[in-house]
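See below for the structure under consideration.
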Amino acid sequence: MSLELAGVCYTHPGAAPGTRPLLEGVGLEIGAGEVVGLGAPSGAGKTTLLGLAALMVRADRGTVSINGRTFAPDAAVPRRVRHGVGVVLQSPRAAADPRLRLESLICAPMSIRDGALRPQPRRYPERLAELAELVNLEPSLLRRYPHQVSDGQLQRAMVARALALDPAVLICDEPTAQLDARNTASILRLLADRAAAGSAVLIASHDGAALPRIAHGMVDLARINRPADPAGRA
Amino acid sequence: MSRPRPLPVLLLALAVLYAVLVPWLQPLDPRAVDLDAVLRAPSGDHFMGTDQLGRDVWIRSAQALRMSLLVALLASAFSTLLGVGVGLLAAWRGGLVDRIAMRLVDATNALPHLLLAVVIVALWRGQWWAIVLSIALTHWTQVARIVRARLLSERTSDYVRLARASGAGTAFIWFTHLLPAVAPQAAIALVLQLPHAIWHESSLSFLGVGLPPESASLGLLLEDARGGLLSGAWWLLAFPAGLLVLVSWSTTSLIDSAGTVRPRRRPAPFPAKATGSAPQETAAEADRASAAAIAVADLSLWFPSATGAGADTQVLKSLDYRAEPGCINVILGSSGAGKSLLLRTLTGLLPGDARFTGNIAVNGRTLDAAGLAAARGTETVLVPGSAGTALNPVRTISAQMRQTLRASRRPASPADALEALEAAAIDESLAARYPHELSGGQAQRAALALGIATGARILLVDEPTSALDAATTGILAELLRAQAASGTTVIMVTHDLELAGGIADHVAVLEDGLVVESGPAARVLANPAHPATGSLLGTPA
């Protein structure tokens, strides 16, 4: 149960030739049961790095290891590995399909695992209730569509979705950006509990106050983002 | 969900009933000729008069409408099917298949529709299915393009990426995300093509290449009416033409309401200069609200219940609120308290199915929903929380800034745009980028700069710092303070207590749809009177 990035390089597709890559030789290691906070000024490539770690973005070079299985940029990733990765994206509005009710959004990973064609909230009533309680969502909100709830409520639903399959690796991009202090604390505690249960948790956040309290380590992207081999470049 | 407007539905239903029932109840052989009753004006015997051959226009119009509707329905169904099929195939297979399909679309579009239709119909003279085919084969291209474009954009959306990251296969993504996204498009295309197909069939029949002359279609009846008109038989033209217009109008109106079934996305925050009608004003109310930039009294807001049955959900509950002019007014509250909805209400950006009651005065004028929307962009402007999704994805930040400056009638050269962006720490290289090339924090800064550039004197800001690091938060705080110092009223929703404590002049606390406490920032933040405020200010465990 761990997450490891080694020598990861990434350039925006379509960037002019000669542009400095956004990420160069980035390495990061998160052991099982560890929470690592990732900080950096805006525009430094936090979101891209998280996408790479979640195997959503293809790197130019470098490898990503999840639970000891190492993937090169072009490697096929087995479904089972993906089921073990939970992701929370920065904007819950963009990450939630506006045509699905909250209950469908939350149970999507379970339906995906079970090979269904659409999310089937009715098949997992107990788990759904459990997850809703975990993230402090009223059960009545589950029947609503994303446009009928607030940003904070929607983000909590997206956290519930990420936790649905008890992921071994949890990757969160600004999970508490839309939340008030109370909910921020409870969500961060939730992520810490997840780590205590053996997951590797990577959180990017600007929240200077709350995150360090639960994180085992804080990583500054500017510090780990440097050429692997500076001498080799002309 | 909003219901379709009743009048077009009723008229369309009546027209269909007329087309189905009348020919069935009063059969009339189209070849039956009654030369004793030629060209009779409308009367008790012949409700709509008779034509040159003494046939009853009332019955013949029904036959014609039945035929026209049938042909149009089949033609639009067939062409929608074809268009959706080609669009799906092109988006699904991509590559060569996509290129061939799209060139086929271009080629079809390059041919004059009527000409192609005439050729097809001429090959199978007088066959109704040839008319169906000729309309379908020339009208599927629009649908194909829309379906393909929609699928391509859905496929790169965050929710599809998220499903992929969870290990979803192609089938799950198609059935859960992609097909539901195009289904409404296909339905709208089907209805949209109906009136067009009716007119197309009528044109062909009018030109004499459509159905055989003894059968009845609206086009044939109009062609017949041409001769009768010269002898003063206006009813020959009036009734079929009226039916044609009525059916076209009512089907088109159906689409208007179908298109607004449910707001799919949040509306864009920076509209071009609003051109609404002047909102009304009552002297007494203006007097009462004159001191505040925005004064809200007794505001309640409801959403229809999610299941469609049962009572509506009340989100704001008789809320009273005042924003002091030239100050930074901060609204605090736990998530789900209704803070963002209050800002959306004040800027006339509520989703279509929400309704509100109460009194909202902006700069002393009481405005209704339309008035609030009209004031947006000139008097008020909303900078939304998730700025990344609110910026126009197909224009660079600099271009969007120039557009905003132009809309507020100010110099809009690239240099002016850059100057306006500079305050938000957006430099030249960032300004030249498209929104998707910016990070969350950069997009938020750009959105705020755009909001300020509208020149509106009331700036409503939703969670401006949620995606920002400490250094940029400082820049933004400076920016907002400078705005307030120059007389702009800032209304800011935030969870960032540090920021609130640093820049707020007035603080209001929202809890469960009500303002439970408000007053000068120093007082409220230091000595909270209401338990909800205390709980918000209390350090998280």
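The table that follows gives values for the structure above.
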| quantity | calculated |
| --- | --- |
| For the protein assembly as shown, size of Cβ-based charge dipole, Lys and Arg +1, Asp and Glu -1, in debye | 1440 |
| Cα centroid separation - the stretch A:29-50 against the stretch B:69-83, whole Å | 54 |
| Rounded Å value of the spacing that divides the Cα centres of the stretch A:52-68 and the stretch B:238-254 | 60 |
| Within chain B, helix-based [θ] at 222 nm, where runs of 4 or more DSSP H residues each add -39,500 (n - 2.57), nearest 500 | -17000 deg cm²/dmol |
| Estimated dipole of the stretch B:283-537 in Debye, rounded to 20 [Cβ of Lys and Arg +1, of Asp and Glu -1, Cα centre] | 580 |
| Helix A:151-163 axis, angle to chain A major axis (alpha carbon atoms, nearest 10°) | 80 |
| Span-like helix ranges in chain B, DSSP H, alpha carbon extent 30 angstrom or more, Kyte mean at least 0.5 | B:57-93, B:179-207, B:235-258 |
| Relative contact order of chain B, defined on C-alpha pairs under 8 angstrom at six or more residues apart (%) | 13 |
| Given charges at Cβ of Lys, Arg, Asp, Glu: chain B dipole, positive-most of B:A390, B:A482, B:I331 | B:A390 |
| Cα lying deepest toward the dipole's positive end in the stretch A:119-163, options A:Q153, A:P119, A:N136, charges on Cβ | A:P119 |
| Of the trypsin sites (Lys or Arg not before Pro) in the stretch B:1-99, those whose Cβ has at most 14 other Cβ within 10 Å and which sit in DSSP loop | B:R31 |
| The stretch B:350-369 and the stretch B:461-477: distance between their alpha carbon centers, rounded to Å | 29 |
| Inter-label distance, nm, simple model (7 Å from Cα along the C-beta direction), B:V394/B:A482 | 3.4 |
| Degrees, to the nearest 10: A:181-196 long Cα axis against longest axis of chain A | 70 |
| Simple spin-label estimate for B:I100 and B:L35 in nanometres, 7 Å along Cα-Cβ | 6.1 |
| Nitroxide proxy distance, nm - points 7 Å out along Cα→Cβ at B:E419 and A:T63 | 5.6 |
| Dipole magnitude (debye, nearest 20) for the stretch A:93-165, charges at Cβ of Lys, Arg, Asp, Glu | 280 |
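Bear in mind that the values in this text are calculations on the coordinates, not laboratory data. A quick note: this is a predicted structure, and the numbers were derived from the prediction, not measured. Here the Cβ is made from the backbone with ideal geometry for all residues, glycine too, and neighbour counts use every protein chain on show.
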